[in-house]
Structures are given as C-alpha cells and as structure tokens.
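So the structure is just underneath, and the comments pick up after that.
The values are calculated or read from the model by the stated rules, or taken from the named source; none is laboratory data. Computed from a prediction, not measured in an experiment: that's the story for all the values here. Heads up, the Cβs are rebuilt from the backbone with ideal geometry, glycines too, and the neighbour counts pull from every protein chain shown.
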Amino acid sequence: MLRKILVPLDGSDLAEQAISTAVEIAKKAKADIVFLKVLETEEILVPDYLAMPMPLPSQWVEDQLKNAEEYLNNAVNFYGQPGVTISTTIIEGDPAGVILDTSAEQEFDMIIMSSHGYSGLQRWILGSVTEKVLRHAVCPVLVIRSPEPAENILVALDGSTMSEEVLEMSFKLARMLNLKVYLLRSEPGLIIQNMTEIEQIERLDPGMGRRIVEELYHRSEHYLEEVKIRFDSADLEVKIIPTEGEAAGEILRFGKKIDNTIIAMATHGRDGLRRWMYGSVTEKVLRHSNRNMLVVRPSEELLAE
C-alpha cells in the first residue's frame with residue numbers, strides 16, 4: 001500500500017522531472033506527497049582567515065530558508081492537482097543523509113527522484129546523492145530520467161527470493177499507471193554446445209537426455225510463467241522474456257528495445273553462488289541505461305541469509 005511519497009527537490013528543472021510521475025501515482029494510490037528541500041550544510045559555511053569553516057551570518061541563512069519556502073510553495077501551486085495532498089519540508093544537512101533519514105523516520109513508502117540535478121555549484125549525480133539513496137533506502141526508489149510517461153515496466157529477475165522483492169511494487173505500479181509488464185530472466189549458457197554428450201546420455205537412460213534439454217531451454221520460461229500466475233496478472237498485459245546471456249547486458253538490451261519503459265530490479269539477488277550485487281548487475285544497468293528505474297532493496301532478513 002502506498003500512503004506517503006517523498007520527492008526530494010534541489011531547485012532545478014531536472015529534479016522537478018520527478019514530480020509529474022509522483023502526482024500521477026499519488027492520485028491513483030490516494031497517497032500524500034511531501035516535497036523535501038535540503039539546505040546543504042556546506043552552503044551555509046564559509047572559511048575564515050584561518051581556513052576554518054565558520055557559519056554565515058544568520059540573515060543569509062534566513063534568506064536561504066525564505067527562498068526555499070517560496071520555491072516549494074510555488075512548486076505545490078504549479079504541480080498540485082485536485083485530490084492530491086502535497087506538503088513541504090525543509091531540512092538542513094547532507095542531501096543523501098537527510099533523504100534517507102527522513103524516509104526511514106517518517107516511514108515513507110516510496111522515494112521518487114531524478115537521477116541528477118543541480119543547485120548552484122552543487123550537483124546530484126549517480127554516484128553521489130542518488131547512488132547513496134539507492135544503496136541504503138529502506139523503501140522502494142523510483143529514479144526518473146525522462147519526463148515522458150511510462151508505458152511499460154521491464155522486471156528483471158534471476159530466480160532468487162531476493163530478486164523477487166521487486167515484484168510486488170512492480171505490479172502495483174503497473175496497475176496504477178496501466179503499464180504493460182515484461183518479466184525477464186537471463187540465464188548464461190543455455191545453449192548446449194555438445195549434443196554428442198546428450199545423445200550418449202539418452203542411449204544409457206532413454207528420456208534423460210530429452211529431459212536435460214527441456215530443463216536447460218525451458219526453466220526460465222517455466223519460472224516466469226509461474227511468477228505471472230502467482231501475481232494474478234489476469235488484469236494486466238504480461239509478457240515473458242526468457243533469454244540467454246550476461247544479465248546486465250540483456251537487461252540493457254531489452255530496456256533499450258522496449259520504448260518508454262521502467263526497468264525494475266532489486267539491488268541484490270542471488271541464485272546459488274551467482275549473485276547480483278550492488279556494484280555489479282544493478283549498478284551497470286543504472287549507469288548505462290537512460291530509462292526510468294524502480295529499485296527495491298530487499299529486507300534485512302533476506303540480506304542476512
């Protein structure tokens with residue numbers, strides 16, 4: 001259930017690209033939105049003659065606070081719609097830390113933010129604010145890179161319980177935004193290189209070779225079909241994509257192929273000894289795709305297993 005959505009803003013047009021999506025989701029989910037503006041600590045400190053950081057005059061800080069309040073009020077007036085409650089908050093500190101602390105302490109159900117933006121000389125870039133939020137947020141994060149309305153959602157899975165943590169929110173978004181769902185699982189090395197061995201197995205144990213081939217070629221298809229049924233997708237258009245190859249490359253390939261799509265994935269996942277770690281599959285997709293992304297961090301219980 002979505003009750004509260006946090007939208008961090010830094011005063012830039014790029015950061016505001018997240019607002020229209022947040023408003024649309026809030027309207028469908030009957031959720032409240034909070035616009036968050038962070039007054040960055042380094043912006044209210046200046047070096048004195050000893051090169052030590054000293055607070056700026058209180059009047060300057062008050063002016064910054066007044067400017068932030070005016071900016072947020074204008075954003076509410078401009079983007080607000082009937083039936084959507086939007087409030088604002090201004091907090092001093094480090095942007096990533098404030099976003100993470102606010103979302104956890106106030107129990108937000110989702111963070112929606114642009115992957116980059118700027119405010120003066122300060123920049124929010126992947127690898128900085130957004131990356132820290134994605135790495136540590138306890139709630140799902142929807143990263144907006146394009147203002148174009150989404151039409152599809154590509155859900156990347158590896159067959160593990162961890163990777164499936166993204167499914168519930170993905171299907172919720174699909175229903176709220178009327179998205180077509182694509183379920184993707186990529187397996188390395190499904191192609192059998194040496195059919196002679198399979199033929200030998202078949203002669204020794206009739207039927208065994210055929211079963212091995214079917215398992216290799218259809219396990220991804222069967223798994224994705226089971227997911228489709230499990231999430232009661234009769235009211236949605238859902239397609240499955242069992243594919244072969246390196247996971248990040250396949251996700252990027254289909255993400256590029258499917259127009260106006262959200263790529264959805266968990267920050268961790270594993271299948272036996274094979275792992276999707278932040279810094280590997282998820283990071284590669286984040287860094288090399290220009291698509292919007294839904295990123296869900298599994299529960300601490302799952303990560304501890």
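If you go through segment 19-38 one residue at a time, do you hit one that is at pLDDT below 90 and out of contact with any Pro (no Cβ under 6 Å at 6 or more places or on another chain)?
Scanning segment 19-38 turns up no residue that is at pLDDT below 90 and out of contact with any Pro (no Cβ under 6 Å at 6 or more places or on another chain).
Among the residues of segment 124-132, is there at least one that is surrounded by fewer than 23 Cβ atoms within 10 Å (Cβ to Cβ), touching a Pro at 6+ places or on another chain (Cβ under 9 Å), outside the structural domain of M265 (by TED's automatic domain parsing) and not hydrophobic (A, V, I, L, M, F, W, C)?
yes
I need every pair where a residue in segment 136-160 that is touching a residue at least 40 places away in the same chain (Cβ under 8 Å) and under 16 Å from N290 (Cα atoms) has its Cβ under 7 Å from the Cβ of a residue that is part of a loop (DSSP other than H, G, I, E, B) and acidic (D, E), sequence separation at least 6 or different chains.
E151/D259
Being touching a Phe, Trp or Tyr at 6+ places or on another chain (Cβ under 9 Å), modelled with pLDDT of 95 or more and outside any strand (DSSP E or B) is the filter here; which residues of segment 171-193 pass it?
F171
I'd like to check something: does segment 126-140 contain any residue that is at pLDDT 90 or above, hydrophobic (A, V, I, L, M, F, W, C) and in a strand (DSSP E or B)?
no
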